[in-house]
Structure formats: structure tokens, C-alpha cells
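To start, the structure under review is shown below, and the notes come after it.
The values are calculated or read from the model by the stated rules, or taken from the named source; none is laboratory data. Source: prediction; values computed, not measured. Don't worry about glycine lacking a Cβ; one is built from the backbone with ideal geometry, like all the others, and counts go over all protein chains shown.
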Amino acid sequence: MKRVIASTLWIVFLLVACTAKKPAQTAEGPTQVPLCTGNVSVEADYIATLPPPQWITNVGNSQMRITTTSKEAQRWFNQGLNLLHDFMYFEAYRAFVQASKQDSTCAMSYWGMVMALPGTRTEALRQRQTALNKALRLPASPKEKQFIQTAQSLADNGLQASLPLFRKLYQTYPDDPEAIAFAAIMLRFGSDSDWAESRTITETALRQFPTHTGLMHYYIHIMELSPAFAEAIPYATTLSQLAGGVSHTVHMPGHLYFLQGQYQKAASVFEQAHKQDETYHKSQKIPYLNNDNYLHNLHYWAVALAETGNQKKALEVANLYAGVTTDPERSQSSGMLMIMYEGQVMPALVYMRFGQWQEAVDYLAARPFTNATARQFQEGLRAYCLAMLQLSESQPTGIDAQLDILENARQVLYTRQQQLNQSPEQERVKRAQEILTIAQAELAGWISNIDPAKPLDQTAFFQALRLEKSIGYQEPPRLVCPVFEHIGDFFLRRRDGGNALQVLEKALQKRPNSPVILDKIRIARQL
């Protein structure tokens with residue numbers, strides 16, 4: 001079965017190669033290292049101004065003996081290693097910086113920084129290159145050199161080109177859970193056979209290392225792409241206990257509960273993770289902007305609450321996400337991009353989930369969008385909502401104007417996506433453009449059938465379904481509802497209970513047990 005994988009929030013920035021200058025290569029490996037970074041520190045400005053990192057307990061159980069005579073460097077390295085596995089990249093980066101301060105000659109502390117700084121996060125590219133240069137220059141064991149060379153390929157060539165090196169890493173060290181874990185999560189993003197390989201090596205490793213928290217975490221992300229995702233639930237439960245000091249590992253069971261259709265249970269897990277995040281940010285005085293997991297959890301929490309039918313609470317959480325403090329000086333940080341393209345429209349998406357088009361229009365009209373490209377996304381969504389409002393009120397006059405605005409916004413995003421080649425904003429613009437493209441196809445389906453006396457034309461609806469399939473699995477779901485549900489709304493509007501029931505039951509397969517969809521099925525059966 002062909003899998004379409006949409007990258008997880010944290011790994012997506014590794015999918016595009018870093019644009020930094022690459023060292024020359026020979027068959028033996030790198031022969032020279034670029035000196036273009038000058039005296040750049042490995043410590044980015046956005047962490048240099050913060051209080052020193054605090055030791056975090058209960059983050060996992062990974063250990064890797066590295067070349068250092070400093071016990072404190074080893075201790076901070078293991079902290080960073082576990083936080084890498086936890087996807088808590090911000091704190092992992094800080095831990096590896098601390099390790100380097102304890103032993104500036106420890107090559108693996110710089111390897112950790114490279115792994116903790118995604119390749120297209122431009123605000124720290126120079127620091128990442130500096131760390132990579134140091135890791136390549138410093139003395140290291142043969143095993144450490146292989147880890148470092150794999151990280152170098154990841155930084156210089158991107159994830160897909162680096163998969164053979166990750167494969168070689170675990171094949172060279174088949175009894176090392178760290179080598180297996182990093183290979184497994186990277187192979188997850190390859191072809192169908194790569195994904196199958198990632199599943200096989202992780203399941204084999206878990207039999208040998210049944211409590212390894214990194215393997216558990218990655219197994220959840222591997223299995224959430226499979227119909228057999230429930231097999232990972234016991235590991236998710238155990239992970240949240242063994243690495244419960246990190247909010248993201250507490251959050252992870254919610255992914256699987258959502259897939260099961262246990263939306264309230266998922267929302268409860270996300271709420272627990274949020275409380276833990278709040279404690280961390282307040283105690284360590286860390287801006288929310290630095291924590292992608294905090295933002296991701298808010299997003300998933302709002303979506304899960306909406307799926308329970310609890311609009312009031314979903315809006316509270318959505319507004320919390322929309323209101324996260326931004327920093328214009330960090331426009332290319334991962335957190336800023338999440339807020340601009342997800343958080344700021346989140347309340348509108350909740351309104352859209354419940355078919356409250358006027359409320360969505362009003363929210364989008366009142367919200368200031370300082371980023372010009374994000375503003376185009378907002379204008380496209382607003383045009384779509386205005387058109388749906390007019391259709392719901394049987395007032396199609398002026399709908400062509402909204403279609404023009406939607407198409408213009410979509411085209412602007414598409415063009416901008418091409419211009420942003422290998423930038424951190426590119427993936428966000430791509431996602432926004434895809435949402436508008438699907439919305440445009442859904443809307444075209446309604447408009448082409450506006451006259452009930454004419455034969456039914458489902459061409460545009462079929463196009464929307466194909467587009468939905470092409471974007472693959474998303475966590476959280478990118479669309480406010482499955483396309484089948486939107487088509488069901490159309491048939492309900494036409495009072496065609498038979499066709500409505502047929503497509504709504506298909507929508508229910510995508511969102512099992514959804515009370516929103518179940519209520520529409522009840523209405524369809526009464527027609």
C-alpha cells in the first residue's frame with residue numbers, strides 16, 4: 001500500500017538540505033572543513049540571553065558513552081540525547097551547549113547541536129555549521145565519527161539523501177539502541193520499503209531493549225501511519241511514565257487516542273501536557289515561542305476538543321494558541337511560522353468545523369496579519385467562508401467575487417512557495433496553499449450543483465477527495481473535517497438523505513465516533 005507521509009512538525013525541517021557550504025569529499029570522507037563561520041559561537045542569540053538550563057528529571061533512559069574525561073560533560077550529553085529522542089529540541093540544544101562548556105574538546109557535544117538544530121531553521125544555521133565544523137575536527141572514536149558523518153550528510157544533503165548512511169549506522173552497530181533509534185525515525189520518512197524497514201528494526205530492537213524510551217517514542221510515530229496503530233498504545237502509555245518529565249512524551253498517547261476516535265481521552269492527555277508545559281515555561285522563564293511542542297499540543301488539543309463537539313472549550317484553546325506572544329526579530333523561527341500559519345487562524349478553523357461561517361468571517365476580518373504571505377492565506381480562508389455563508393443562506397449573488405479572491409490567494413501562495421526554495425517558511429506556505437486548493441475544489445462542487453434541477457456533477461468533489469489523499473496523514477489533521485463530511489453537508493443541504501448517509505459514513509471512517517459526524521448521520525436518516 002502506497003503511503004503518503006506528511007512530515008511531523010519536528011522532522012519536517014530536516015527534509016530540505018541546509019544551504020551552508022559543504023566540505024570537499026573523498027572516498028575516506030571529508031578532507032577539508034569550511035572556515036566560513038569565522039568566530040561564530042555555537043550558542044545562538046535566542047538562548048544566550050536566557051537563564052542557564054536547569055536539569056530536567058525523568059526525561060528518558062538513553063545513555064551513550066562518549067569521548068570525554070568530564071563527568072559533567074557526559075551527564076549533560078546524556079540529558080541532550082534523551083531530549084533529542086523526546087523531540088524537545090530546544091532543551092536538547094541547550095544541554096549539548098552545556099556539555100561543550102564542560103569539555104570544549106568533546107566532539108559528540110557538537111554532534112548533538114547539529115542534530116538539535118533543524119537544517120532550515122535559518123536563525124541558527126551559522127551556529128549549526130560552527131558546531132559541525134568542530135565535531136569534524138575534534139578527536140572521536142570510529143563509532144562517534146560515523147554518527148558525526150551521518151549528521152554531516154543530514155545537514156549538507158537533507159534527509160532523503162542521508163538514509164543510506166542511517167541504514168549503514170544501524171547495520172554497523174546492530175546492538176546499539178541509539179544507532180537503531182536514529183535510523184528508525186529517519187527511515188520512517190522514506191519509501192514504503194523504508195517505512196517497513198523502520199518498523200521491523202524498531203520492533204526487533206524493542207524486544208532487546210523493551211524500556212528504551214527513544215525506541216518507544218519513534219515506534220509510536222512509525223505506527224501512527226499504519227492501520228495497526230493501536231499496537232503502539234502500550235508503548236505510548238509506558239513512555240509517558242518513563243519519560244514523564246517532558247510534556248511531549250506525556251502528549252504522545254493522544255495521537256493514538258485521536259486515531260481511535262477517543263477524542264475526549266486525547267483532549268485530556270493534551271490538557272495534562274499543557275499544564276506541564278506551563279510549569280516548565282514559568283519556572284525556567286522560557287518564551288513559548290521557543291517550544292514547538294507547546295504550540296503543537298495547543299493545536300492538537302483544540303482539534304480534539306472540536307471533535308468532541310465542545311466548541312466553547314475548543315475556542316478557548318484556539319484563542320490561547322492565536323494569542324501566543326510573537327517576536328518580529330525572529331520571523332524565521334519555527335515557532336513564529338507555526339503561529340503565523342496555524343495559530344492565528346485556529347479560532348476560525350474551529351468556527352468552520354461547526355459550520356459557523358459568519359463567525360469565521362468576522363474573526364478573520366478582525367485579526368491583524370503582519371506577514372504578507374500569511375495574510376494571503378487568511379484572505380483566502382475568509383473568501384471561502386464568505387462563499388459558504390452565501391450558499392448556506394441561499395444568497396449566491398456575489399459569490400464569483402469570493403471565488404476570484406480565493407483563486408488569487410491560492411496563486412500567490414503557490415508562487416511564493418516556489419520563491420521560498422529551501423527556506424523554513426516554504427513548508428508552511430505549501431500547507432496553506434494545499435488547504436486553499438482543497439477548499440476551492442469543495443466550493444466548486446457546491447457551485448456547479450447550485451441548481452437542483454440540473455444533473456448532479458461531482459467532478460469537483462472527486463478532485464477535492466484526490467487532493468485530500470495526496471496530502472497524506474497529518475497530526476493533527478490539517479483539514480477541519482474530512483472532505484467526505486463536507487460533501488455530506490452538500491447532500492444534506494439538498495435534502496438527499498441517501499447520498500448524504502453514504503458519504504457521511506465514509507467520513508466517519510476517517511474520524512471514528514465523531515459526535516459531529518454522527519449527528520449529521522442521524523439527520524440524514526431522517527430525510
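Taking the conditions exactly as written (farther than 18 Å from residue 166 by Cβ, within 30 Å of the chain's Cα centre (by Cα) and either in the same structural domain as residue 86 (by TED's automatic domain parsing) or at pLDDT below 95 (or both)), does residue 130 satisfy them or not? When the stated conditions are applied, residue 130 passes them.
Taking the criterion of being surrounded by fewer than 20 Cβ atoms within 10 Å (Cβ to Cβ) and within 15 Å of residue 461 (Cβ to Cβ), the residues of the stretch 497-509 that qualify are 499, 502, 506.
Within the stretch 487-501, can one find any residue that is part of a helix (DSSP H, G or I) and over 24 Å from residue 466 (Cβ atoms)? Before you say what the answer is, go through the steps one by one.
Keep residues of the stretch 487-501 that are part of a helix (DSSP H, G or I), which gives 487-493, 497-501.
Subsequent filtering for residues that are over 24 Å from residue 466 (Cβ atoms) retains 497.
Yes: one or more hits.
Mind checking whether some residue in the stretch 137-156 is modelled with pLDDT under 95 and of a type in the set (A, V, I, L, M)? It would help to see each step written out before you state the result.
So in the stretch 137-156, the residues modelled with pLDDT under 95 come out as 154-156.
Add one more test, that the residue is of a type in the set (A, V, I, L, M), and what stays is 154-155.
Scanning the stretch 137-156, I find at least one residue that is modelled with pLDDT under 95 and of a type in the set (A, V, I, L, M), so the answer is yes.
Looking only at residues in the stretch 388-419 that are farther than 23 Å from residue 492 by Cβ, small (Gly, Ala, Ser) and assigned to a helix (DSSP H, G or I), the one that is modelled with the highest pLDDT is 409.
I need a count of the residues in the stretch 207-226 that are over 17 Å from residue 249 (Cα atoms) and surrounded by fewer than 18 Cβ atoms within 10 Å (Cβ to Cβ). Steps first, answer last, please.
Step one: list which residues in the stretch 207-226 are over 17 Å from residue 249 (Cα atoms), which gives 207-209, 225-226.
From the residues that got through so far, the ones that are surrounded by fewer than 18 Cβ atoms within 10 Å (Cβ to Cβ) too are 207-208, 226.
Matching residues across the stretch 207-226 total 3.
Just one of the listed residues (478, 466, 428, 494) is out of contact with any helix residue (DSSP H, G or I) (no Cβ under 6 Å at 6 or more places or on another chain), basic (Lys, Arg), at pLDDT below 95 and within 28 Å of residue 304 (Cβ to Cβ), and it is 478. In this structure, residue 236 does not satisfy being in a helix (DSSP H, G or I) and more than 20 Å from the chain's Cα centre (by Cα). Restricting attention to the stretch 267-316, the residues that are of a type in the set (D, E, K, R) and either under 22 Å from residue 94 (Cβ atoms) or crowded, with 22+ Cβ neighbours inside 10 Å (or both) total 6. Exactly one residue out of 370, 308 is among the polar types (S, T, N, Q), touching a residue at least 24 places away in the same chain (Cβ under 8 Å) and in the same structural domain as residue 391 (by TED's automatic domain parsing): that is 370. Just one of (1) assigned to a loop (DSSP other than H, G, I, E, B); (2) in contact with a helix residue (DSSP H, G or I) (Cβ under 7 Å, 6 or more places away or on another chain) fails for residue 105. It is (2).
Filtering the stretch 62-74 to residues that are surrounded by 17 or more Cβ atoms within 10 Å (Cβ to Cβ) and out of contact with any Lys or Arg (no Cβ under 8 Å at 6 or more places or on another chain) leaves 62, 64, 66, 67, 68, 70, 73. Of 75, 65, all but one fail to be under 22 Å from residue 140 (Cα atoms), part of a loop (DSSP other than H, G, I, E, B) and at pLDDT 95 or above; the exception is 65. Would you mind stating whether residue 354 is surrounded by 21 or more Cβ atoms within 10 Å (Cβ to Cβ) and either more than 21 Å from the chain's Cα centre (by Cα) or under 17 Å from residue 429 (Cβ atoms) (or both)? Considered against the rule, which asks whether it is surrounded by 21 or more Cβ atoms within 10 Å (Cβ to Cβ) and either more than 21 Å from the chain's Cα centre (by Cα) or under 17 Å from residue 429 (Cβ atoms) (or both), residue 354 comes out as no. Just to be sure before I move on: is residue 322 surrounded by 24 or more Cβ atoms within 10 Å (Cβ to Cβ) and either over 19 Å from residue 425 (Cα atoms) or in contact (Cβ under 8 Å) with a residue 40 or more places away in the chain (or both) in the structure I sent? In short, no.
Restricting attention to the stretch 87-102, does a residue exist that is in a loop (DSSP other than H, G, I, E, B) and either in contact with a strand residue (DSSP E or B) (Cβ under 8 Å, 6 or more places away or on another chain) or farther than 24 Å from residue 142 by Cβ (or both)? Before the answer, list the steps.
The initial filter retains those residues of the stretch 87-102 that are in a loop (DSSP other than H, G, I, E, B), namely 87-88.
Going one step further and asking which of them are either in contact with a strand residue (DSSP E or B) (Cβ under 8 Å, 6 or more places away or on another chain) or farther than 24 Å from residue 142 by Cβ (or both), we end up with 87-88.
Checked the stretch 87-102: at least one residue is in a loop (DSSP other than H, G, I, E, B) and either in contact with a strand residue (DSSP E or B) (Cβ under 8 Å, 6 or more places away or on another chain) or farther than 24 Å from residue 142 by Cβ (or both).
Is there a residue in the stretch 203-214 that is under 24 Å from residue 243 (Cβ atoms) and within 22 Å of the chain's Cα centre (by Cα)?
Going through the stretch 203-214, the residues under 24 Å from residue 243 (Cβ atoms) turn out to be 203-214.
Next, only the ones that are within 22 Å of the chain's Cα centre (by Cα) stay: 213-214.
Yes, the conditions are met somewhere in the stretch 203-214.
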